[in-house]
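Quick notes on the structure that follows.
The values are calculated or read from the model by the stated rules, or taken from the named source; none is laboratory data. Predicted model, so just to flag it, every value in this text is computed and none were measured. Here Cβ is always computed from backbone atoms with ideal geometry, including for glycine, and neighbour counts include all displayed protein chains. Areas reflect the complete protein model, heavy atoms only, side chains present, ligands, DNA and RNA absent. Shrake-Rupley method; radii C 1.70, N 1.55, O 1.52, S 1.80 Å.
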Amino acid sequence: MALTLPTIGGRTLETAISQPQHTRSGKKKETLSRNLFENIKKHWALYLLALPGVLWFLVFRYVPVLGSLIAFQDYQIFNGFWKSPWVGFKHFEFMFNYPEFISILRNTLLIALYQLVFGFPAPLVLALLLNEAKQKFFKRTVQTFFYLPHFLSWVIIGGIMFEVLSTHGVMNKLVALFGGDPILFMQKEQYYRTIVTISSIWKEVGWNAIIYMAALTGINPNLYEAATVDGAGKWRQLFSITLPSLAPTIMILFLIKIGNFMELGFEQSYVLLTPMTFSVGDILDTYVFRSGVQEGNYSVTTAIGLFKSLIGFILLYGANHLSKRTTGQGLF
């Protein structure tokens, strides 16, 4: 009686054992490459549509990373990367020894914390409120009202804020109505961070609420009907159905916000900053503009940019690890 050897992937056990490992791995890579080529050939239209986005990321996200070498050089614009002398961590040492660096970093962290604590929940609250609106005309009107500021530049938003908060503006008219004296809101240090936070929320709350509105439409309405039959009210439905269903979306957006924790935006701070509020409003972005663009200290400002990126990466990695352990959701 002939002995039949078991087969592995269409080959006998003897052939599979005798074939070298590097040959098998080489054939596997060749198969993957052939499958990828066939996939591209079959779905070439989809890959063609994705090509502009891929090129955009390569040109504007990955290629500029090479410019981080400037942080370790005494970069001179006419010498370029290759002829500028290397100085190691000289500019990082200068950054941490800079007398005003601690004050600038504190301002950045405080404003970023305010925008995270008060700005991040605002789109969620707005989406939940709009979701409860029954009249479509009212709902669309409110949505449009909150969407419009996103399409305005910070120059226009800054002009509106200065006009509203001026001595003859709406806010001071309300103060005078209650018997108070006019307040120079834009020149008072104690009001600056509040103004920055409120203006940031007002500009972006409607646009950021779109994602939550889309996620709310994906919740099965049968869950609310069953909860109503069981006697659950609106608050019970909110905490038992709506928020748990939105939890993955909330977590992903929170991680993205944490990753951009140090990115406050130069335009907003530059437009709203005044000489009287400089001590509480000068942040890393405005310092980079003064030192890098106006004074030409490209190496120092690149070192600050690397420092911001490192802080953002650490915060993102830590928050993502914590999220995966607690909720099972994460970016990576």
Restricting attention to segment 298-324, and to residues there that are open to solvent by 60 Å² or more (accessible area, probe 1.4 Å) and not hydrophobic (A, V, I, L, M, F, W, C), which single residue is nearest to the chain's Cα centre (by Cα)? S309
Sole exception among (1) open to solvent by less than 90 Å² (accessible area, probe 1.4 Å); (2) among the polar types (S, T, N, Q); (3) more than 30 Å from Q190 (Cβ to Cβ) for S279, by number: (3)
All but one of (1) part of a helix (DSSP H, G or I); (2) modelled with pLDDT of 85 or more hold for E30; which doesn't? (2)
Of all residues in segment 160-183, count the ones that are touching a residue at least 24 places away in the same chain (Cβ under 8 Å) and more than 26 Å from V117 (Cβ to Cβ). 0
Going by the conditions given, is W207 closer than 17 Å to L126 by Cα, open to solvent by 80 Å² or more (accessible area, probe 1.4 Å) and in contact with a His (Cβ under 7 Å, 6 or more places away or on another chain)? yes
Segment 225-260: number of residues that are among the aliphatic types (A, V, I, L, M) and more than 32 Å from the chain's Cα centre (by Cα): 4
Qualifying helices (runs of 4 or more DSSP H) (wholly inside segment 101-173; at least 3 residues being over 22 Å from R193 (Cα atoms) and charged (D, E, K, R)): 136-147
Could you identify the single residue in L113, L124, L128 that is under 18 Å from K308 (Cα atoms) and surrounded by 13 or more Cβ atoms within 10 Å (Cβ to Cβ)? L113
Of the criteria (1) more than 24 Å from T194 (Cβ to Cβ); (2) surrounded by fewer than 18 Cβ atoms within 10 Å (Cβ to Cβ); (3) touching a residue at least 24 places away in the same chain (Cβ under 8 Å), which one G259 fails: (2)
Take the conditions modelled with pLDDT under 90, surrounded by 13 or more Cβ atoms within 10 Å (Cβ to Cβ), in contact with a helix residue (DSSP H, G or I) (Cβ under 8 Å, 6 or more places away or on another chain) and part of a helix (DSSP H, G or I) and apply them to M213. Does it pass? no
Every residue from segment 91-100 that is part of a loop (DSSP other than H, G, I, E, B) and either within 18 Å of G305 (Cα to Cα) or aromatic (F, W, Y) (or both): Y98, E100
Return yes or no: is G292 more than 20 Å from L253 (Cα to Cα) and either more than 19 Å from the chain's Cα centre (by Cα) or modelled with pLDDT under 85 (or both)? yes
Unique match (being free of Cβ contacts under 8 Å to residues at least 12 places away in the same chain and small (G, A, S)) among G318, G330, G281: G318
Find the residue count for segment 73-86, including only residues that are in contact (Cβ under 8 Å) with a residue 40 or more places away in the chain, within 21 Å of F307 (Cα to Cα) and open to solvent by 30 Å² or more (accessible area, probe 1.4 Å). 2
